[in-house]
Amino acid sequence: MNRISFPSPRIICLVGPTGSGKSGAALHIARCLARADLQVCIINADSRQVYEDFPIITAQPTQEEQAQCPHLLYGWLPVGQKISAGQWMDKARAAISDVRSQGQIPLLVGGTGLYLKALLDGMADIPTTDASVSARLTLQCQTEGPEALHVKLHAIDPDYASRIHPHDRQRIIRALEVWESTGKTFTWWHEHATPPPPETDVLRLGMGLPLPELTPFLNRRIDTMLETGALDEARAAMKKNPDLSLPGWSGIGCRELGEYLAGNRDLTETLELWRKNTRAYAKRQWTWFRADERIKWFRPGDPDAPRIMTELVTSFLTESGHTLYPS
């Protein structure tokens, strides 16, 4: 069997907006490399796909897809627990180290730009914040609504506020908490991040389209989620965790279906809002990732894209200093 030798850390990263086909492309790469006896391990880099109660609504790979190659960091976090970029980064680093120790190829797949920036470009060393500040902001968010706090955040840190949704309670509270505790914005901390180890080498691939072209893909995916049990999934989660302010409910689709089940709007309004919020999220992701000139982009539906992506990965893994050898 062929195995791959990594004299220095190498990471493959597949990014892009929601609904652009990243999971399918990652599995295609894994299958192609498996024919050369090279095993890929796919590592989740999406902040919503960590939650255990929402595999359908957050578009986690199915059990059948996960059986095709190893997958890590999917569906492990309870709805009531928060996770920060730093916490995810620590878990991702441990996962990458474990994958490499087994002679496997780590392939990070996801659309949470902040997570990937923390891991690949360095993490802001934000001091520990006062828990009472977080508690006060959480209560304020519950009473006034996340939109009011988002307006406040936009006045303080417009760059960061423009990258998160006005309903994203967790990130809004976190950014305000950091501002009140440190006197510096999230944007400032990110710009002064500690860089990653210099020997890390990354191949950045992207799947995506401008929003007008991507929208039909997004609508079809929501329809598929409903057909495969999204509403039943939300109903089961509601029975276990009826508090919609819990972190796991903040994902797009989760919150909208939760509000419907709570009787706050009818199904037609719910689906319209779900589609609207999904488009807005995809647009923000597209803007974030397109600003990174290191990413090599591919279009969903392009029949040549999987082949070219696999060729780039193979070249990246076998170029000078990184050899394939028989074991």
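The values are calculated or read from the model by the stated rules, or taken from the named source; none is laboratory data. Computed from a prediction, not measured in an experiment: that's the story for all the values here. Don't worry about glycine lacking a Cβ; one is built from the backbone with ideal geometry, like all the others, and counts go over all protein chains shown. For the accessible areas, the whole protein counts, side chains as well, though only heavy atoms, and no ligand, DNA or RNA atoms are used. Shrake-Rupley method; radii C 1.70, N 1.55, O 1.52, S 1.80 Å.
Based on what the data block shows, is TRP88 open to solvent by 10 Å² or more (accessible area, probe 1.4 Å), at negative phi and aromatic (Phe, Trp, Tyr)?
Spelling it out, it is not the case that TRP88 is open to solvent by 10 Å² or more (accessible area, probe 1.4 Å), at negative phi and aromatic (Phe, Trp, Tyr).
How about the stretch 269-307: which of its residues are open to solvent by 60 Å² or more (accessible area, probe 1.4 Å), of a type in the set (A, V, I, L, M, F, W, C) and part of a helix (DSSP H, G or I)?
TRP288, the sole residue that qualifies.
Tell me the residue from ASP223, ASP266, ASP232 that is surrounded by fewer than 19 Cβ atoms within 10 Å (Cβ to Cβ) and either touching a residue at least 60 places away in the same chain (Cβ under 8 Å) or under 22 Å from the mean Cα position of the chain (by Cα) (or both), please.
ASP223
Within the stretch 117-169, track down each residue that is at pLDDT below 90, open to solvent by 60 Å² or more (accessible area, probe 1.4 Å) and under 23 Å from the mean Cα position of the chain (by Cα).
LYS117, ASP125, ARG163, HIS167
Give GLY248, GLY258 a once-over and let me know the one that is in contact with a Phe, Trp or Tyr (Cβ under 7 Å, 6 or more places away or on another chain), surrounded by 13 or more Cβ atoms within 10 Å (Cβ to Cβ) and over 20 Å from GLY19 (Cα atoms).
Criteria check complete, one pass: GLY258.
Could you grab me the full set of residues in the stretch 26-36 that are in a helix (DSSP H, G or I) and either of a type in the set (Ser, Thr, Tyr) or over 17 Å from GLN49 (Cα atoms) (or both)?
HIS28, ILE29, ALA30, ARG31, CYS32, LEU33, ALA34
Taking the condition assigned to a loop (DSSP other than H, G, I, E, B) and either under 16 Å from the mean Cα position of the chain (by Cα) or within 23 Å of MET207 (Cα to Cα) (or both), does GLY80 pass?
no
Hey, any hits in the stretch 2-11 for a residue that's within 13 Å of VAL109 (Cβ to Cβ), surrounded by 15 or more Cβ atoms within 10 Å (Cβ to Cβ), touching a helix residue (DSSP H, G or I) at 6+ places or on another chain (Cβ under 8 Å) and modelled with pLDDT under 95?
The answer is yes, given that some residue of the stretch 2-11 is within 13 Å of VAL109 (Cβ to Cβ), surrounded by 15 or more Cβ atoms within 10 Å (Cβ to Cβ), touching a helix residue (DSSP H, G or I) at 6+ places or on another chain (Cβ under 8 Å) and modelled with pLDDT under 95.
Just checking, which of LYS22, LYS82 is more than 18 Å from THR314 (Cβ to Cβ), out of contact with any Asp or Glu (no Cβ under 8 Å at 6 or more places or on another chain), among the basic types (Lys, Arg) and surrounded by fewer than 23 Cβ atoms within 10 Å (Cβ to Cβ)?
The match here is LYS82.
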